[in-house]
Structures are given as C-alpha cells and as structure tokens.
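Visitor: Handing you a structure now.
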Amino acid sequence: MDFIPKKYLGAVIGDREGLKNIEQTTGAIFKVYGKDSNISLRIKGSIESQKRAIRKIKEKVVSLVT
C-alpha cells in the first residue's frame, strides 16, 4: 500500500493481532499477498470501513516512527 512506507510494511502486516483488532473495530477485511520483499496488503469492505482502516494503520505507522 502506498500509504505505508516500505520499511514499516513488515511491522504492520507482521502484527496479526493488531490487524485483527483493526478489522474488528473498522469493519474492513485485510488480505495479505506475497512474501518476503514482495508483500502487499489489500483492504476490502465499504468505502467508510476502508477509510477507517487506513486511518488506524496510519496511526500505527506513526507510533512505530516515534
């Protein structure tokens, strides 16, 4: 995903409990494709649930940076 810097993608995707929590609180569904350096994350659901999920993921990335 373009809004997740490559160097943080593994940390976001690797945290399965964190993703599950975001799914439960936003109503979005995550699909992880690929492996190693060729990983992608797809977000499915209504536009609103996708927006909520993206907002939560951005918050997670910011917490990793600080």
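Visitor: Let me spell out the model: positive unit charges on the Cβ of Lys and Arg, negative unit charges on the Cβ of Asp and Glu, origin at the Cα centre of the chain. What dipole size does that give, in debye rounded to 20?
Guide: So the dipole magnitude of the chain works out to roughly 100 debye.
Visitor: When only DSSP loop residues count, what chymotrypsin sites (Phe, Trp or Tyr not before Pro) in the chain have their Cβ near at most 13 other Cβ atoms within 10 Å?
Guide: For chymotrypsin sites (Phe, Trp or Tyr not before Pro) across the chain that sit outside H, G, I, E and B with at most 13 neighbouring Cβ atoms in 10 Å, the list reads 3.
Visitor: Hey, what did the range 1-53 get for relative contact order, percent, Cα under 8 Å, at least 6 apart?
Guide: 30 percent
Visitor: Given a 1.4 Å probe and every protein chain left where it sits, what share in percent of the accessible area of the chain is carbon and sulfur?
Guide: 51 percent
Visitor: Could you provide, to the nearest whole Å², the per residue accessible area of the chain with probe 1.4 Å?
Guide: Dividing the accessible area of the chain by its residue count gives 69 Å².
Visitor: A follow-up question, please. ³J(HN,Hα) across the range 4-15 via Karplus (A = 6.51, B = -1.76, C = 1.60, θ = phi - 60°), whole Hz, x for Gly/Pro?
Guide: Once rounded to whole Hz, the list reads 10, x, 3, 5, 9, 4, x, 5, 6, 6, x, 8.
Visitor: Please list, in order along the range 53-66, the HN-Hα scalar couplings obtained from phi with the Karplus expression 6.51 cos²θ - 1.76 cosθ + 1.60 (θ = phi - 60°), rounded to whole Hz, x for Gly and Pro.
Guide: For the range 53-66, the Karplus-derived couplings read 5, 4, 4, 5, 5, 4, 4, 5, 4, 4, 5, 6, 6, 8 Hz, x marking Gly and Pro.
The values are calculated or read from the model by the stated rules, or taken from the named source; none is laboratory data. Quick caveat: nothing in here was measured; it's all calculated off a predicted structure. Positions of Cβ are generated from backbone atoms using ideal geometry, with glycine treated the same way; all protein chains shown enter the neighbour counts. Note: areas computed on protein heavy atoms with side chains; ligands, DNA, RNA excluded. Shrake-Rupley method; radii C 1.70, N 1.55, O 1.52, S 1.80 Å.
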